[in-house]
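K.L.:
What follows is a single structure, and I will ask about it in a moment.
Just so it is clear, none of the values below were taken in a lab; they were calculated from the coordinates. It should be emphasised that the depicted structure is a prediction, and the values quoted were computed from it without experimental measurement. In this analysis, Cβ positions are derived from the backbone assuming ideal geometry, glycine residues included, and neighbour counts consider all displayed protein chains.
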Amino acid sequence: MQVKPTITAAEIARLAGVGRAAVSNWRKRHADFPAPVGGTAASPEFDLIQVEQWLCVQGKLAEQATADRLWRRIAPTSESPAAALAAVGTLLLARQRGQRPRRPVDPHLKPLLPDLEALADELGPQGAFDELWQRFSAPGPGRSFATPDDLADLMVGLAGVDGCTVLDPAAGSGAVLRAAVRAGCTTAYGQELDEGLARLAELWLALREVPGDMNVGDSLRADAYAGHTYDTVVCHPPFGATNWGDEELSHDPRWIVGTTPRTEPELAWVQHALAHLRAGGHAVLLMPPTVASRRAGRRIRAELLRRGALRAVIALPPGAAAPHGVPLHLWVLRRPAPDTPPPARTLLVDAAGVDLTTNGPRILAAWQAFDTDPEAEEPGFARAVPVIELLDEEVDLTPARRQPAVAGEATGEQVVRTRERLAALVGDLPALMPQVTPAQKGPDGEFLTVGELIRSGALQLIGPIRATPASEASSGAAPADGGSSGTASTAAGEAADGPRVLTVHDVLDGKPPSGHDDGRLGQQICLAVGDVVVPMVARQLTARVMAAEGALLGRNLYLLRPNPAALDSWFLAGQLRTSTNEKQASSLSGTLRFDIRRAQVRRMSLEDQRVQGAAFRRLDAFESAIRQAATLGAELVQLTADGLASGSLQEGL
């Protein structure tokens, strides 16, 4: 049943950039304030369009991006957000092709057509669909989780899809296929059980005129590509399925290394992928870590090793793909060519303790080195393990359990150096600790939203910038946050000598710019001293003042450039990062996506701003020192524990 979009009082407050009490006052004082259309007496709901119109007339509507306003109205027009976006995507595809829609426009969408046309005029049909898809894919209640871009880029890089045909038999909304297109695949095929998600993937490919096909259905029970093989298969299959058709598929010809046990559905997807590979082709699958060691699957794992089909297992850091918090694995497979001897070694990479965004190129480089030289390895990170060693009673392929300890890792000298650094840092903390006292007047004063500061000329807002399609940039590289590529390539290597790019992770971790411009940044915006940078999506609202110039602004970052005659940078950054603004600027869906225009800044004279800005600067230095102390403390604990356990350290050192 289709319904009109509604909004709660709390959401009205965030929409208008005010407190909840202000909305209650409006309802009491203004007779023309829209009446509730649903909800309860304690938590009423209002017609979103009526509320926006009222706020606009009253001059209380905070500045919004067209895509934000449009998506807020589109989502409720269908039973599912995916179906709603698919309906809009169909209209955009017809516009791009210069055709009339084949079906009459849904009556619920007709009032939104002017905004949709405006967005398509501004960004083009492809860009408009991408902007709306970003809002659809933001985490939230009832939303499906898409494979993150940096992980999808790494997967297609490991598979080597450039110039190849690619199949994703569990395509979802098409995140992996989009990565494959960015990496230069020639043709994209997919199958997805959810009709709405399959339609979104199909529309994205169609808007970019990518050859291929997308089918709806269960790939295991109703394989739409039976008998067909492809250069590469890349897949993020469903985990832990209990009813995947094991009985009806017990003698399926796809089980090329043996019948798949009922409790090992992920190994069914492994064999499905192998069955659709041409000889010599590669497949990359995202897997739960238990598949590497469960007893029920050891026969299948052993046979994959004996035949040379399983070429690498890569342990990823926790949280690499929401909602899974465990360190997932990537399995790299190859369809053995006939009459070729199986390889003697398999690569096991333990990347569970590194950051995926910055270490994606390292993972890919380890695989490429091993693929060229089967004995190439990186001690403590990537080990080329003899297959005969893996074929023991357990056939446990967990990378961490096969990595030997690095010689001399926990030495007395390292412990002493780390302890001295920690003691010096802790000794500096009292001087850095902010000295504050309760204010005499209390927390009062007038506040302005960032949107109002922009309109007054006190502040300039730039970004967030978008990535250009792969066809408009150098081939091969696929960045994360507009910075470090998740799939290092020659193009990315050449770009490493260019300007550094500030990424979301750099801002959150307080680190120097670490990314590289691979040619896919929608704009090249140089950062200046005093710029304030805020991530659009993060666990908490974070603002960072740039202390050096020359780097480029990465993706998914707001750039706030204050007018020095009106606004102090450190004062602005400190005002933005409050818990009140975190609630104020967060999206209506409750996700951690921020619209910084809604954040509020206290009105103060420039002289008073500089005084408070200096305090915020000291607070930032104190926070950085605390973070460093925590890192050194954890390192000292680990080094000491390793040394005591191995016997290289003794009590009383």
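K.L.:
Would you compute, from DSSP H runs of 4+ residues alone, the mean residue ellipticity of the chain at 222 nm, taking -39500 (n - 2.57) per run and dividing by the full residue count, rounded to the nearest 500?
P.N.:
Helices in the chain give a 222 nm mean residue ellipticity of -12000 deg cm²/dmol.
K.L.:
Something else: Roughly speaking, what is the stretch gain from VAL354 to ARG97, that is 0.36 nm per residue apart minus the C-alpha to C-alpha distance, in nm to one decimal? Numbers along the way, then the final one.
P.N.:
On the way: separation 257, 0.36 × 257 = 92.52 nm, distance 4.49 nm.
Length gained, VAL354 through ARG97: 88.0 nm.
K.L.:
Is there a quick way to get the dipole size of the range 6-137? I mean about its Cα centre, with the Cβ of Lys and Arg at +1 and of Asp and Glu at -1; what is the value in debye to the nearest 20?
P.N.:
Numbers: 16 positive and 15 negative charges, 41 e Å.
Charge dipole, the range 6-137, about its Cα centre: 200 debye, nearest 20.
K.L.:
For the chain, what is the charge dipole size about the Cα centre, in debye to the nearest 20, if Lys and Arg each add +1 at the Cβ and Asp and Glu each add -1 at the Cβ? Don't skip to the end; give the middle numbers.
P.N.:
Details: 65 positive and 76 negative charges, 349 e Å.
Result for the chain is approximately 1680 debye, rounded to the nearest 20.
K.L.:
Give or take rounding to whole Å, what are the principal axis extents of the alpha carbon atoms in the range 6-137, in descending order?
P.N.:
51, 27, 26
K.L.:
Here's something else I'd like to know. Any idea what the relative contact order of the chain is, in percent, if you count C-alpha pairs under 8 Å spaced at least 6 apart? If you can, show how the numbers build up before the last one.
P.N.:
Numbers: 1233 pairs, mean separation 70.5, N = 653.
Relative contact order, the chain: 11 percent.
K.L.:
Let me ask you something else. Just need log10 I(q)/I(0) for the chain at q = 0.06, 0.09 Å⁻¹, Debye formula, equal scatterers on the alpha-carbon atoms, no solvent, rounded to two decimals.
P.N.:
Summing over Cα pairs of the chain leads to -0.39, -0.88.
K.L.:
Something else: Which listed residue (PRO438, SER579, PRO101) has the Cα farthest towards the positive end of the charge dipole for the chain, taking +1 on Lys and Arg C-beta and -1 on Asp and Glu C-beta about the Cα centre?
P.N.:
Of PRO438, SER579, PRO101, it is PRO438.
K.L.:
Can I ask one more? If each of GLU413 and GLN612 carries a label point 7 Å out from its Cα toward its Cβ, how far apart are those two points in nm?
P.N.:
5.1
K.L.:
In whole Å, what is the distance between the alpha-carbon centres of the range 297-333 and the range 9-60?
P.N.:
Cα centroid to Cα centroid, the span is 51 Å.
K.L.:
Mind checking which of GLY457, ALA224, ALA625 is farthest towards the positive end of the chain's charge dipole, using Cβ charges of +1 (Lys, Arg) and -1 (Asp, Glu) about the Cα centre?
P.N.:
In the chain, that residue is GLY457.
K.L.:
Of VAL284, THR346, LEU91, which is farthest on the positive side of the dipole of the chain, counting Cα position, with +1 on Lys and Arg Cβ, -1 on Asp and Glu Cβ, and the Cα centre as origin?
P.N.:
LEU91
K.L.:
Follow-up question, since we're still on this one. Using Cα pairs under 8 angstrom and six or more residues apart, how large is the relative contact order of the range 149-402, in percent?
P.N.:
Taking the mean separation of contacting Cα pairs over the length of the range 149-402, I get 16 percent.
K.L.:
By average Cβ neighbour count within 10 Å, what is the ranking of 175-185, 598-608 from highest down?
P.N.:
Details: 175-185: 27.2, 598-608: 17.2.
Top of the packing list down: 175-185, 598-608.
K.L.:
How large is the charge dipole for the range 149-402, taken about the Cα centre, if only the Cβ atoms of Lys, Arg (+1) and Asp, Glu (-1) carry charge, to the nearest 20 debye?
P.N.:
380
K.L.:
Counting DSSP beta bridges with both partners in the chain, what percentage is antiparallel, nearest 5? List each step's numbers first, then the result.
P.N.:
Numbers: 43 of 65 bridges.
Here the antiparallel bridges make up roughly 65 percent for the chain.
K.L.:
Could you order the peptides 33-40, 289-296 from most to least packed, using the average number of other C-beta atoms within 10 Å per residue?
P.N.:
Numbers: 33-40: 14.1, 289-296: 17.4.
Per-residue Cβ counts within 10 Å, averaged per peptide and sorted highest first, yield 289-296, 33-40.
K.L.:
Now, a different point. Could you rank the peptides 633-645, 187-199 by their average count of other C-beta atoms within 10 Å per residue, with the highest value first? Kindly include the intermediate steps, with their values, before the conclusion.
P.N.:
Working: 633-645: 15.1, 187-199: 21.5.
Highest mean packing first, the order is 187-199, 633-645.
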